[in-house]
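The values are calculated or read from the model by the stated rules, or taken from the named source; none is laboratory data. Just so you know, these numbers come straight off a predicted model, no measurement behind them. Here the Cβ is made from the backbone with ideal geometry for all residues, glycine too, and neighbour counts use every protein chain on show.
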Amino acid sequence: MGLDCSPSFPARRLGAGQPQPHPPPPPPHPPGAVRPAFPARDMAGSSEKAPDSGRGVVLMDNWPGYDLDLFTYPQHYYGDLECVLIPHGIIVDRIERLAKDIMKDIGYHDILVLCVLKGGYKFCADLVEHLKNISRNSDRFVSMKVDFIRLKSYKNDRSMGEMQIIGGEDLSTLAGKNVLIVEDVVGTGRTMEALLSSIEKYKPNMVKVASLLVKRTARSDSFRPDYAGFEIPDVFVVGYALDYNEYFRDLNHICVINEHGKEKYRI
């Protein structure tokens, strides 16, 4: 049987009858519709405040994450993870926006990027690449030098409360520079405040902090980075170079580790 191409509705006879009134517009939010999270922005002459870069994309405490079966991830971590909290593609897009916000705020001045190893290296590499792309397409070259420092504040899944500087360059090289500290996770904020206190002794021209993640925790001392990728619940996350005793750095997505994974890789 051939394909039936007859019209789905009866044909209208042109010119027949009088023009009919337009049907009333539907209600702005029909029952069951998903309401927009924010009002529409008038792009012409809007005075609406820009999004808060220091808060980031907020994942609420009841956010269940994504089913692991919807994504690919290393087979050697099967059974060790609870869920995918933030997929890799969303991470990359958010970092691109952070780079635009940073360049706009700093005003195309030269930047010394201080990367906090080890968890921050992937975030730092992707952020710097986006910053360089913005500079490459602007009318002014922005010099970006990257230095590294390594801190230690976790054993297993618990913060030890005190920051240990394990390595890194002489902080005296930061004097007079525009410094952008790039960190993976801000939890209590004590580690970052201790680092900032150490850096300020060398009188940099400016210091900004960019963190991929900010945890909501009762132990927080209210420190907020200048730029945050995501604000997340107080769960232990791995992936995208974030580790648990050096495991899970090879995981592209940011995931929540389960109790089996913690016991398996505990030291």
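Here are a few things to note about the model shown:
Conditions (1) assigned to a loop (DSSP other than H, G, I, E, B); (2) touching a Phe, Trp or Tyr at 6+ places or on another chain (Cβ under 8 Å); (3) of a type outside the set (Gly, Ala, Ser); (4) surrounded by fewer than 23 Cβ atoms within 10 Å (Cβ to Cβ), marked per residue:
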position: Glu193; (1), (2), (3), (4): no, yes, yes, yes
position: Leu196; (1), (2), (3), (4): no, no, yes, yes
position: Pro204; (1), (2), (3), (4): yes, no, yes, yes
position: Lys208; (1), (2), (3), (4): no, yes, yes, yes
position: Leu213; (1), (2), (3), (4): no, yes, yes, no
position: Asp234; (1), (2), (3), (4): yes, no, yes, yes
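- Selected residue (only one of Arg249, Arg219 is in a loop (DSSP other than H, G, I, E, B), among the charged types (D, E, K, R) and touching a Leu at 6+ places or on another chain (Cβ under 8 Å)): Arg249
- Qualifying positions in region 33-81 - hydroxyl-bearing (Ser, Thr, Tyr), part of a loop (DSSP other than H, G, I, E, B) and either modelled with pLDDT of 95 or more or under 27 Å from Ile254 (Cα atoms) (or both): Ser53, Thr72, Tyr73, Tyr78
- Answer residue from region 174-191, given it is over 18 Å from the mean Cα position of the chain (by Cα) and touching a residue at least 40 places away in the same chain (Cβ under 8 Å) and is surrounded by the fewest Cβ atoms within 10 Å (Cβ to Cβ) among those: Asn178
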